[in-house]
Structures are given as C-alpha cells and as structure tokens.
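Note sheet for the following structure.
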Amino acid sequence: MIILSIETSCDETAIAVMRNGRETLSSELYSQADKHAIYGGVVPEIASRNHAATIGHLAELALKNAGIAKKDLDAIAVTAAPGLIGALLVGVSFAKGLAMALGIPLIPVHHIRGHIAANYIAYPELEPPFLCVIVSGGNSIIADVRGYTDIHIVGRSRDDAAGECFDKAARVLGLGYPGGPALDRLSAGGDDTLYALPSPAIDSAPYDMSFSGLKTAVVNIVHNAEQKGETIDTASLAASLAKTVSTILVPRVVLAAKEFSRSKIAIAGGVAANSRIRADFLEAAEKHNLTLFTPPLALCGDNAAMIGCQGFYEYRAGVCAGMNLDARATMNVSEAF
Ligand code: KG4
C-alpha cells in the first residue's frame with residue numbers, strides 16, 4: 001500500500017511517500033524556522049501562509065523523488081490534530097483535494113501518534129506493546145502503546161511542554177528559535193551541578209510532570225544576573241536544564257515500564273533529540289534491563305514519514321475520513337477520529 005502523507009501542524013511543511021507503513025520512498029521537509037526566528041517563536045498566521053505557498057511544490061517533489069505517479073497512490077494520510085488550527089487546515093484541505101481528485105481514501109492521523117510511529121520506521125522489528133515518552137514543543141506525554149491504534153496515557157505535563165522550557169530558556173539567553181538544538185550544543189562544556197533547578201513531583205500522580213516552574217526558574221536566574229550585572233555561565237545553565245528535564249523524564253518512564261510490565265521503552269518528539277536525555281535513557285535502560293528505542297534525530301522532529309507510517313496502521317484499523325474532516329487544535333492521543 002502506497003500512502004502520500006502530509007504534516008503541517010506547526011512550522012514544518014512535510015510530505016512523504018511511504019510503502020506499507022515502514023518503508024520511506026521519499027520524505028521532504030521545508031522548515032520555516034528562519035521565518036519565525038525574528039519573532040522568537042512560531043507566528044501562526046505566517047505558518048499557515050508558508051504552508052499554503054509550499055505544499056503543492058513539496059508534494060510534486062515527494063512524488064518525483066519516490067518515483068511514484070499520482071495514479072499509483074493508494075491513500076492520503078494527513079495530520080488532522082493537534083496543532084495550530086490554521087496550519088493544520090492547509091494540510092487537511094490539500095489532502096482532501098488530492099484524495100477527492102484521485103478517488104482514494106483519506107486517513108486522518110493524530111500528530112502525537114505519528115511521533116510514536118517514528119520508532120516503527122527506525123526499528124522494523126518494533127511492535128507494540130511498549131512504553132513511549134513523547135516530548136516536543138507542545139506536548140510531554142508518557143504513553144502505554146498497547147497496540148498501533150490503542151494508546152493509553154500514563155502521564156502528561158500539567159502545564160508547559162518540555163520543549164517550551166528549552167525554547168524559553170534559549171530565548172532569554174539570546175540563542176534564537178528553536179532553542180533546543182542550540183542549548184544542546186552549548187551544554188557540552190557545562191557543569192550540570194552549577195545551577196539548582198526545580199523538578200517537582202505531583203501528589204498522587206506519579207507519572208504527571210510540570211515544567212512551568214523549571215522554565216520560570218531559568219528565566220529568573222538570567223534576569224536576576226542581568227539586574228545585578230553578574231555573568232551567567234550559559235554552558236552550565238544549559239547543562240543544568242538538560243539534566244533537570246532528564247531527571248523529570250527518565251525515572252517516570254522506568255517506573256511506568258515496571259508498573260505496566262513493559263520490557264521495551266521508546267522516546268519520541270523533538271526533545272528526544274537531546275543528547276543528555278538520550279544518554280540518560282540509555283544508561284537507565286541498561287541498568288533496568290529494558291530495551292530502548294531511540295529514533296535518529298531526523299525522525300525525532302516533525303516529519304511526514306511518521307504520519308504516513310501511522311496512517312498505514314490507522315487505515316488497517318478501519319480509520320478513514322470523509323470530505324467533512326475538520327482539523328482540531330486539541331485532541332487526546334487515545335481518542336479515535
Ligand atoms: O517534535 P517537534 O519538532 O515539534 C513539535 O511537534 O512540537 O519538537 C520541537 C521542539 C522544540 O521545542 C525544540 O526546541 C525541541 O523540540 N528540540 C530540542 C532539541 N532539538 C529540538 N530540545 C532539546 N534538545 C534538542 N537537541
């Protein structure tokens with residue numbers, strides 16, 4: 001089955017052509033990051049306009065690079081939730097047009113389920129059940145993946161996402177947008193014990209997380225230093241931040257794996273590209289005898305290959321949308337379309 005998949009939930013326009021879920025025939029990505037960098041974050045209106053201007057060319061390119069003609073496509077998969085509503089609507093409308101013109105099924109995909117599916121592309125042998133932590137710019141979720149389309153939320157952030165912490169920290173340090181990769185590089189020479197940062201626990205919800213206090217703590221450290229004319233050791237602050245986020249994520253995932261009797265754990269989403277977090281998960285997996293799946297960096301951030309992969313499993317489970325499909329800014333990952 002050959003699926004053309006579309007991802008436009010935030011500031012990346014992405015189109016892929018996938019065969020039978022896991023084989024990537026082509027995966028094209030146009031990042032708008034430089035268009036948003038001057039504003040220090042994603043501007044929804046600009047994101048929608050850039051998706052609209054780019055999506056047609058990108059689809060032609062994806063088909064050309066896959067060596068596939070439109071008539072050979074079996075279905076169109078598209079991220080329909082969650083995300084920026086205007087940005088999602090560009091992808092959903094384009095997908096509807098293509099599916100209607102070609103007379104083929106339209107498959108709606110949940111963006112976070114797509115992030116989980118990035119692991120299936122990277123690891124052909126991986127099958128549910130497994131425990132997965134999805135950490136991105138907008139979401140931080142620990143999920144028990146019981147089946148390809150049977151996903152149970154074990155824990156989630158009560159406030160900000162982990163990626164939001166990295167992006168805001170980078171912003172106050174003048175490192176630009178998106179901040180995660182720059183902070184990751186900067187942290188290499190830092191002392192992760194120099195700044196004490198909060199990693200709160202939530203009463204009677206051992207798997208839930210909170211990142212807003214951590215974000216505020218970093219911002220306050222920078223502002224206080226500025227007011228006192230003191231210099232910040234930026235490398236050490238970056239290293240302390242990565243260590244703290246890791247300290248919030250890793251023990252929860254290990255504990256959840258034990259409680260749900262899972263021997264496999266996976267990480268997903270843009271923040272899963274962080275070198276400290278990857279290293280700490282590796283160490284914890286070895287210590288607790290868990291098999292760890294870490295997708296390559298290109299599959300951690302937003303891409304369309306993961307949407308095509310999850311779309312394949314959604315279609316196999318009977319998920320198919322009509323021309324009345326609507327985009328949704330919010331949607332629970334365990335909910336079906
Ligand atoms: O998954 P993603 O590309 O988009 C969303 O669906 O949100 O994640 C983007 C987030 C941003 O917050 C970015 O700063 C963060 O992932 N990120 C990182 C790293 N690479 C990207 N955070 C920490 N370390 C990294 N190496």
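The values are calculated or read from the model by the stated rules, or taken from the named source; none is laboratory data. Quantities reported herein were computed from a predicted structural model and do not represent experimental measurements. Because the Cβ atoms are built from the backbone with ideal geometry, glycine has one as well, and the counts that use them run over all protein chains shown. Heavy atoms of the whole protein, side chains included, go into the accessibility calculation; ligands, DNA and RNA do not. Shrake-Rupley method; radii C 1.70, N 1.55, O 1.52, S 1.80 Å.
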Exercise. Where in the chain lies the longest segment free of GluC sites (Glu not before Pro) that are both loop residues by DSSP (not H, G, I, E, B) and have at most 12 other Cβ atoms within 10 Å?
Worked result: 1-124
For this session: Two decimals is fine: what's Rg over Rh for the range 157-217, C-alpha atoms, Kirkwood radius as Rh?
Result: 1.01
Problem set entry | Expected-Rg normalisation [2.2 N^0.38 Å, Cα atoms] applied to the chain | 0.99
Problem set entry | Viscosity 1.306 mPa s, 10 °C: Kirkwood-radius Stokes-Einstein D of the range 14-53 over Cα pairs, µm²/s | 134
Exercise. Could you give the Stokes-Einstein D for the range 139-181 in µm² per second, using the C-alpha Kirkwood radius, 20 °C, 1.002 mPa s?
Worked result: 179
For this session: Taking every pair of Cα atoms in the range 175-301, average 1/r, invert it to obtain the Kirkwood radius, and report Rg/Rh to two decimals.
Result: 1.00
Problem set entry | Potential extension, E259-A69 segment - 0.36 nm per residue separation minus Cα distance | 63.6 nm
For this session: Compute the distance in nm between two label points, each set 7 Å from the Cα along the Cα-to-Cβ direction, one at K228 and one at D326.
Result: 5.3
For this session: With everything on Cα atoms, drop me the angle between helix 44-66 and the longest principal axis of the chain, reported from 0 to 90° to the nearest 10.
Result: 60
Exercise. What is the spread of the Cα atoms of the range 74-126 along each of their three principal axes, largest first, in whole Å?
Worked result: 35, 28, 11
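Past the 29 angstrom mark, what percentage of all C-alpha to C-alpha distances in the range 1-153 do you count?
In whole percent, the share of Cα-Cα pairs in the range 1-153 beyond 29 Å is 17.
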Exercise. For the range 175-295, what is the accessible area per residue in Å² when the probe is 1.4 Å?
Worked result: 46
Exercise. In a solvent-free Debye calculation with one equal scatterer on each Cα, what is log10 I(q)/I(0) for the range 273-337 at q = 0.16 Å⁻¹, listed in the order of the q values?
Worked result: -0.80
Problem set entry | 3J(HN,Hα) from dihedral phi, the range 211-216, Karplus parametrisation 6.51/-1.76/1.60, rounded to Hz, x for glycine, proline | 10, 5, x, 5, 4, 5
Seminar exercise, completed: Projected onto the charge dipole of the range 50-156 (unit charges on the beta-carbon of Lys, Arg, Asp and Glu, signs +1, +1, -1, -1), the Cα from I68, L131, A80 with the largest positive-side position is that of A80
